[in-house]
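The values are calculated or read from the model by the stated rules, or taken from the named source; none is laboratory data. Computed from a predicted model, the values in this text were never measured in an experiment. When we count neighbours, we look across all protein chains shown, and the Cβ atoms used for this are built from the backbone with ideal geometry, even at glycine.
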4 protein chains.
Amino acid sequence: MTSSMTFEPVLKRIAREVEQLPGRGRPADYIPVLAARDPRRFGMAVAELDGTVYGVGDWREPFSAQSITKVFTLALDLAREGDALWEHVGREPSGNPFNSLVQLEYENGIPRNPFINAGALVVTDRLHTRTGDAAGELLAFLRAESGNPGLGFDTQVAASENAHGDRNAALAHFMAAYGNIGNPVPELLDQYFRQCSISASCADLALATGFLARHGIRADGGRLLTRSQAKQVNAVMLTCGTYDAAGEFAYRVGLPGKSGVGGGIIAVVPGRCTLCVWSPGLDERGNSVAGVAALDRFTTLTGLSVF
Amino acid sequence: MTSSMTFEPVLKRIAREVEQLPGRGRPADYIPVLAARDPRRFGMAVAELDGTVYGVGDWREPFSAQSITKVFTLALDLAREGDALWEHVGREPSGNPFNSLVQLEYENGIPRNPFINAGALVVTDRLHTRTGDAAGELLAFLRAESGNPGLGFDTQVAASENAHGDRNAALAHFMAAYGNIGNPVPELLDQYFRQCSISASCADLALATGFLARHGIRADGGRLLTRSQAKQVNAVMLTCGTYDAAGEFAYRVGLPGKSGVGGGIIAVVPGRCTLCVWSPGLDERGNSVAGVAALDRFTTLTGLSVF
Amino acid sequence: MTSSMTFEPVLKRIAREVEQLPGRGRPADYIPVLAARDPRRFGMAVAELDGTVYGVGDWREPFSAQSITKVFTLALDLAREGDALWEHVGREPSGNPFNSLVQLEYENGIPRNPFINAGALVVTDRLHTRTGDAAGELLAFLRAESGNPGLGFDTQVAASENAHGDRNAALAHFMAAYGNIGNPVPELLDQYFRQCSISASCADLALATGFLARHGIRADGGRLLTRSQAKQVNAVMLTCGTYDAAGEFAYRVGLPGKSGVGGGIIAVVPGRCTLCVWSPGLDERGNSVAGVAALDRFTTLTGLSVF
Amino acid sequence: MTSSMTFEPVLKRIAREVEQLPGRGRPADYIPVLAARDPRRFGMAVAELDGTVYGVGDWREPFSAQSITKVFTLALDLAREGDALWEHVGREPSGNPFNSLVQLEYENGIPRNPFINAGALVVTDRLHTRTGDAAGELLAFLRAESGNPGLGFDTQVAASENAHGDRNAALAHFMAAYGNIGNPVPELLDQYFRQCSISASCADLALATGFLARHGIRADGGRLLTRSQAKQVNAVMLTCGTYDAAGEFAYRVGLPGKSGVGGGIIAVVPGRCTLCVWSPGLDERGNSVAGVAALDRFTTLTGLSVF
């Protein structure tokens, strides 16, 4: 595949193939607003390094970004704090369902990585301490990178998450008992759930992920991360980005990626492009069924896998 | 870096830099024959797709391959058995020290991946059932790919491993209780320890790994694995190949790799070349200190990381 | 030992022997008010079935009852709810440090027994739902049984516990996520910490425990528990009453007992008498060093062990 | 109940009541010879301190003693080794299914108590080191105490256990890796399974347990255990004797007891008498359904509970 090619034919072909997929999984059902999405919706976008975007299907339809935002929060905190962050959260796969408390207890309140919920709470807590408004910082970044000033929080989703937030509250209090949380837990949870609630489209998120394909450079040419830090984030995405299916995602897709229970997945082809796919039906490990299939087809058809 | 370049200057520079490394870790000490190696020994080899090999330092000195052999056993069984193997061993990172029994119990005797000891025992067991001589099969493969008919088992190492083999015996019996082991445990352990005992040099192992950079094609042009299977093995190496340091290895080195307690590490640049580095001093997670540093420098200097 | 004997000589002998104990452990130090107690304080009381009390040392000095109150909360809820309680909390030893979250996750939010913190939170939650004021209910009961209307909450202790209450908050939210907590977590924690904060003396607590030696009959002759329920509570005390030292307590003391981190321990000789001993120095498992030694001597000297 | 009473009317009444029990559980099915027993068989015996025995039903029918023998092996080793034994095996309830490896790993190869399989293997290993023939020592003891020279091993059961012994082999090798096993694992397993295979009747086992009711004194008047050691064994039976149902057994029956998967249960009324009941149908935790019910009735009817 040469760099002069357009991604449109590939995206159209993938959309047709995905349409034939027999089952599509089920939308997340722990909060009503997510459960209501139609599992057959599907959109996909590819953004080139220069900001050119190609899309297919519902690629301009906003959906709940959820855990995808963890990538951006990580990058924002890493940019400010540097390697000191890694004393408070690890970089190793968790090998357990994403909410497990066992490993957290075994490792004295230091979460395995920034993409399990415990780790994401630590990252948000640290960013919040530094900025006074972690969620606002994140939203401003996403607006700037996507070029979409209309991005915002979905307060209904945030409220609903908070009302079903006992597991995250348990995680936060548990780490606080080990001294690994600096803000009051209710304030931290409010920040955390607002971040997860951000609504954005495939186009928005593919563009916002661009700095990871540009080795740390933002859309406006400024540097967010060092080259080495961008590599770190990509590596953590590949090894930890899809809950307890990181191994399977690695060998099927072969790209750094991060999924969310809203049905979205972002992925990075370092030095080449970024992707975002969305379809609300999830498999039993919390990843979009059609989304993983579409990315699998993408790397197979284009050869753009890291392996 | 163009494909016509030679790797010699890079290797020489890395060797000089590694020489300055202050600490070198400690050799594995659970069996005397490994503990006796000098932690300051260092060798490194790069093999091109066509079998051209470049080396530096002790790159022709044989050392104990140990867990590096798990990659070849996996490939040999996968070639015969195909995807059915994955019903008996997973492909997800373990998130635990490499000998842990906890997760094995939690998951009913199915090991998380083929590179933790439990998973490697399952793969050897299955290959042994199919061939009647798993260790012999492995040795023949390594001789053919490396072009070195002098490769052989180190019976002293194998006997010593067996004498200290209670943890592996426990793992094998435990999985047998779940019906996931087909051969008698003592016979399986004999096979397993003989495989681990194989002595080979950086040159031998870099060449033997070539099929993973050639998308499944052996040195003689025949196909061992499908392109998809080769991608699977590379993905499992990246996410699970370095014990509980896979995440760190991924972001420092950014290549599929597999380490052994003998101090060796193999790595793959898909479509480009393979590497093997050796230095007996290990960090606390069982990976060669100088080996990881050398691979880190290699990807930094050449840009040949997957991220 | 005949029933007409007085316990005074035995108590005096025990006090003298305990005075010679070389080390006394350390007071609980997680909140300042407990850490300030002198580990060499010692008091012990025995209450006969008819309410006659014998004592030695600081037996009339109030101390922080802490986890000892879990026995009374259990009895009060069992009296109202009956066997239905056991669907929400188990009756088996935990085999783990008393705050562990692991087993709770493994068993879907049902704590192993009513004396680990998680189990006590469930019992308080249920009693609170039934009464609207669990802590008030408990205090009224203790006042009535001890005949001491001066008993009260120590608001300084309660506030201090709440300020260090992240582990208990984590436990409560975690069980709430499984649907096993009915009240808002902050309200539950307020109730729980107030209960733990009750100050009472050895005399007070020995008397208040009397219903367990009288097979369920309160001090005023009314029935709190059925004979079978009283046996249940005694059995749970023997198998689970002293954190992770229940086995050792059983064979050294051989009586149903319950300890608290304030340094108190209550014990029951069914059909004969009740005891309370207090000394603030704790061993590494959270039980009073001098307290266990004194009870050990008591059963040895009187033969009043259940074994 | 006075000491001059005979136990016959009580036993007859219990047998009648147990006959009406609707379900009876299922015999152990992991080896064929146990699975073949009729779950409706029932026998019960009570032995007075002087060796007088009362019985009902199939009380003279031999059955497979299985884990009941762990009590005698513990006593025999404790008699020789004293408190040093407790450095190699704990005395705390396990709080986990009886074969769990998790806790063993967490506690570095020291089993929680002598009645889980891991702990029993350690005790047998130590007795075997001291005597050169642990199984022979046990058999001689049981013959002497029961007065039945016809007691013997069931070689068919022992062979069958060995053929299905992978879990126990895993436990033994695992502890050997921690240095807590002294004999070769196959030799230890042979000893262990022979002990478990001993066939004896309710009468035999009630008599053989007598030393625990006589505070350590054997049938011939000689002392096996000190008074304190006999108390220790009783306490461990009460807190750990019935797998993961020790808490429930304590509050339903309220006596030190030990069950086996052959359907037998022994129990001790210290200073008064010993019991053995047998019925092959087990509940899901491995205890005889009719056996527990019969002991429950016994303590209710006679008042001979420790609580």
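Quick check on my filter: what residues within segment B:138-160 are more than 26 Å from B:ALA79 (Cα to Cα) and either in contact with a Cys (Cβ under 7 Å, 6 or more places away or on another chain) or part of a loop (DSSP other than H, G, I, E, B) (or both)? Result: B:ASP154, single match. Within segment D:122-141, the residues that satisfy the criterion of being buried (at least 20 other Cβ atoms within 10 Å of the Cβ) and small (Gly, Ala, Ser) are D:ALA134, D:ALA135.
Among residues of segment B:173-204 being more than 8 Å from chain D (Cβ to nearest Cβ), assigned to a helix (DSSP H, G or I) and of a type in the set (A, V, I, L, M, F, W, C), the one that is farthest from B:SER146 (Cα to Cα) is B:MET175. Residue pairs whose Cβ atoms lie under 6 Å apart, separated by 6 or more positions or on different chains, with the first residue in segment A:148-165 and over 18 Å from A:GLU61 (Cα atoms) and the second at pLDDT 95 or above and in a helix (DSSP H, G or I), are A:ALA158/A:PHE193; A:ALA158/A:ARG194; A:GLU161/A:PHE193; A:ASN162/A:PHE193; A:GLY165/A:LEU189.
Checking D:ASN162, D:ASN148, D:ASN117, D:ASN168 one by one, the residue that is within 14 Å of chain B (Cβ to nearest Cβ) and under 30 Å from D:ALA294 (Cα atoms) is D:ASN117 and no other.
Go through segment D:33-65 and give me each residue that's among the β-branched types (Val, Ile, Thr) and closer than 15 Å to D:ALA200 by Cβ. Steps first, answer last, please.
As a first pass, look at segment D:33-65 and keep what is among the β-branched types (Val, Ile, Thr): D:33, D:46, D:52-53, D:56.
Within segment D:33-65, D:VAL53 is the sole residue that qualifies.
Every condition in (1) within 14 Å of chain C (Cβ to nearest Cβ); (2) more than 16 Å from the chain's Cα centre (by Cα) is met by D:ASP58 except one, and the failing one is (1).
Screening C:VAL253, C:VAL233 for residues that are out of contact with any His (no Cβ under 6 Å at 6 or more places or on another chain) and modelled with pLDDT of 95 or more leaves exactly one candidate, C:VAL233. Checking A:ASP244, A:ASP283, A:ASP296 one by one, the residue that is under 17 Å from A:GLN66 (Cβ atoms), in contact with a helix residue (DSSP H, G or I) (Cβ under 7 Å, 6 or more places away or on another chain), of a type in the set (D, E, K, R) and touching a residue at least 24 places away in the same chain (Cβ under 8 Å) is A:ASP283 and no other.
Among the candidates C:ALA172, C:ALA144, C:ALA200, the residue that is buried (at least 24 other Cβ atoms within 10 Å of the Cβ) and under 22 Å from C:ALA230 (Cβ atoms) is uniquely C:ALA200. Close Cβ contacts (under 7 Å, 6 or more residues apart or on different chains) running from residues in segment D:75-95 that are within 14 Å of chain C (Cβ to nearest Cβ) to residues that are of a type in the set (Ser, Thr, Tyr) and part of a helix (DSSP H, G or I) comprise D:ARG91/C:TYR251; D:PRO93/C:THR239; D:PRO93/D:THR239. Restricting C:GLY165, C:GLY179, C:GLY210 to those that are on the phi > 0 side of the Ramachandran plot and not acidic (Asp, Glu) reduces the list to C:GLY179. For the residues D:ASP50, D:ASP58, D:ASP83, D:ASP77, the requirement of being over 27 Å from D:THR6 (Cα atoms), of a type in the set (Asp, Glu) and surrounded by fewer than 23 Cβ atoms within 10 Å (Cβ to Cβ) singles out D:ASP83.
The rows are residues; the columns are (1) of a type in the set (Phe, Trp, Tyr); (2) closer than 27 Å to B:ALA47 by Cα; (3) modelled with pLDDT of 95 or more; (4) within 17 Å of the chain's Cα centre (by Cα).
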| site | (1), (2), (3), (4) |
| --- | --- |
| B:ASN148 | no, yes, yes, no |
| B:GLY182 | no, no, yes, no |
| B:ARG194 | no, yes, yes, yes |
| B:ILE198 | no, yes, yes, yes |
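Residues of segment C:110-148 that are touching a Gly at 6+ places or on another chain (Cβ under 8 Å) and among the acidic types (Asp, Glu): C:ASP125, C:GLU145.
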